[in-house]
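Novice: Shown below is the structure under consideration.
The values are calculated or read from the model by the stated rules, or taken from the named source; none is laboratory data. Source: prediction; values computed, not measured. Here the Cβ positions follow ideal geometry from the backbone for every residue, glycine too, while neighbour counts run over all protein chains shown.
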Amino acid sequence: MKDLGILGSSGFIGNELSNLLHINGISFYGVSRKKFNNNFPNLVINNFEKIPHFKKIVFLAENNIISNAENLGEDYIEESKIKVINAINATEHSFIYASSASIYESKNKKLLKTNDPLNLNSIYARSKKSCEEVVLKNGGTVIRISNVFGVGMSKKNLISELFRKIKLNKFQIKVRNKTSIRDYINVKDLSNLLLKVIENPKHGIYNAGTSKGLSVEEIFNFLKKTLNKKDLKLVENNPLKSHSSIILDIESTQNDYQWKPESNFFDSLKTIITQL
């Protein structure tokens, strides 16, 4: 039996975590549904029922594009849960599940704890919650992850789209809204946390964020200044009628895993945009 499997190792977070495990001399296998090029041991599987057995599994193999989940409907929830169950059945000791902070209710202005209200109005959120329940029932660890950014991030996320629009336009760019506030964590900080969880997994739910929030407008203003687009305006297509904020309370994560995020958002972003 192999010690550690990273399911979804070809993805953004999985690739960064794989690099960190390699640097730290930790033996693991990357598991993915497609071939990927790196120097690490990896396995390609097309069927989650055929996952080889591991002592520990980190589950990152889930579609994180919310619109895709909504398009698939209720079937998405059942399919996601079956994948998680199959992965748990292939786990001998510890199962670590990457969930999402997007399932929290966004009307609160305070830092969000893991027992705060959830917003389960979307297929994606209900799927995450359903998978969390299966993981917790089987003694696993759930990590609710805030918005992740870094080199190699999706071209469809907010930061990438803002950067692309700012580069291409001279006078104005349009966004859905500019006041929503979210917590952004560097993929390197997240990987450092996942490493600590792998080394000493604990049963329960943990937040992975920074306890700091930024609005769409604040990120736009930074990118506009950095790219020297001083005349560019930000226009809202659908202004919010009420407050929207998801900023995570990470106190229990810091205490239980002796971890804290080290990266400064704006310093990191300066480096990242040179590679976008």
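Novice: Take the conditions in contact with a Leu (Cβ under 6 Å, 6 or more places away or on another chain), surrounded by 21 or more Cβ atoms within 10 Å (Cβ to Cβ) and among the hydrophobic types (A, V, I, L, M, F, W, C) and apply them to LEU190. Does it pass? Break it down into steps so the answer makes sense when it comes.
Specialist: Details: in contact with a Leu (Cβ under 6 Å, 6 or more places away or on another chain): no; surrounded by 21 or more Cβ atoms within 10 Å (Cβ to Cβ): yes; among the hydrophobic types (A, V, I, L, M, F, W, C): yes.
In short, no.
Novice: Can you name the number of the only condition in (1) in a helix (DSSP H, G or I); (2) more than 30 Å from ASN121 (Cα to Cα) that PRO52 fails?
Specialist: (1)
Novice: While we're on this one: Out of ASN39, ASN71, which single residue is out of contact with any Pro (no Cβ under 8 Å at 6 or more places or on another chain) and either within 25 Å of PRO201 (Cβ to Cβ) or not in a loop (DSSP other than H, G, I, E, B) (or both)? Steps first, answer last, please.
Specialist: Numbers: ASN39 fails: either within 25 Å of PRO201 (Cβ to Cβ) or not in a loop (DSSP other than H, G, I, E, B) (or both).
The match here is ASN71.
Novice: Which pairs turn up if I take residues in the range 43-59 that are β-branched (Val, Ile, Thr) and look for partners that are modelled with pLDDT of 90 or more and assigned to a loop (DSSP other than H, G, I, E, B) with beta carbon separation below 7 Å, at least 6 apart in sequence or on another chain?
Specialist: Every condition considered, the pairs that remain are ILE45/ILE51; ILE51/ALA90; ILE57/ALA90.
Novice: Now for a different question. Of all residues in the range 135-145, count the ones that are in a helix (DSSP H, G or I) and of a type outside the set (A, V, I, L, M). Working first, answer last.
Specialist: Initially, the range 135-145 is screened for residues in a helix (DSSP H, G or I), giving 135-137.
Filter once more, keeping what is of a type outside the set (A, V, I, L, M): 137.
Looking only at that region, the number is 1.
Novice: Of the residues that sit in the range 8-36 and are in a loop (DSSP other than H, G, I, E, B) and of a type in the set (Gly, Ala, Ser), which one is nearest to VAL84 (Cα to Cα)? Walk me through it before giving the result.
Specialist: Within the range 8-36, the first condition is being in a loop (DSSP other than H, G, I, E, B), and the residues that meet it are 8-11, 24-28, 33-36.
Okay, now just the ones that are also of a type in the set (Gly, Ala, Ser), so 8-11, 25, 27.
Values: GLY8: 12, SER9: 16, SER10: 18, GLY11: 17, GLY25: 27, SER27: 23 Å.
By that ranking, first place goes to GLY8.
Novice: Given the conditions (1) outside any loop (DSSP other than H, G, I, E, B); (2) out of contact with any Ser or Thr (no Cβ under 6 Å at 6 or more places or on another chain), which single one is not true for ASP189?
Specialist: (2)
Novice: Please specify each residue of the range 126-174 satisfying the condition of being over 18 Å from TYR104 (Cβ atoms) and either in contact with a Cys (Cβ under 7 Å, 6 or more places away or on another chain) or small (Gly, Ala, Ser) (or both).
Specialist: Hits for the range 126-174 are GLY139, GLY140, GLY150, GLY152, SER154, SER160.
Novice: Name the residue, out of LEU214, LEU195, LEU248, that is under 13 Å from ASN147 (Cβ atoms), touching a residue at least 60 places away in the same chain (Cβ under 8 Å) and surrounded by 13 or more Cβ atoms within 10 Å (Cβ to Cβ).
Specialist: Details: LEU214 fails: touching a residue at least 60 places away in the same chain (Cβ under 8 Å); LEU195 fails: under 13 Å from ASN147 (Cβ atoms).
Exactly one of LEU214, LEU195, LEU248 is under 13 Å from ASN147 (Cβ atoms), touching a residue at least 60 places away in the same chain (Cβ under 8 Å) and surrounded by 13 or more Cβ atoms within 10 Å (Cβ to Cβ), namely LEU248.
A quick yes/no check of all residues on (1) closer than 28 Å to LEU195 by Cα; (2) in a helix (DSSP H, G or I); (3) out of contact with any helix residue (DSSP H, G or I) (no Cβ under 6 Å at 6 or more places or on another chain):
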position	(1), (2), (3)
TYR76	no, yes, no
ALA87	yes, yes, yes
SER102	yes, yes, yes
ASN108	no, no, yes
ARG126	yes, yes, no
GLU133	yes, yes, yes
SER154	yes, no, yes
LYS170	no, no, yes
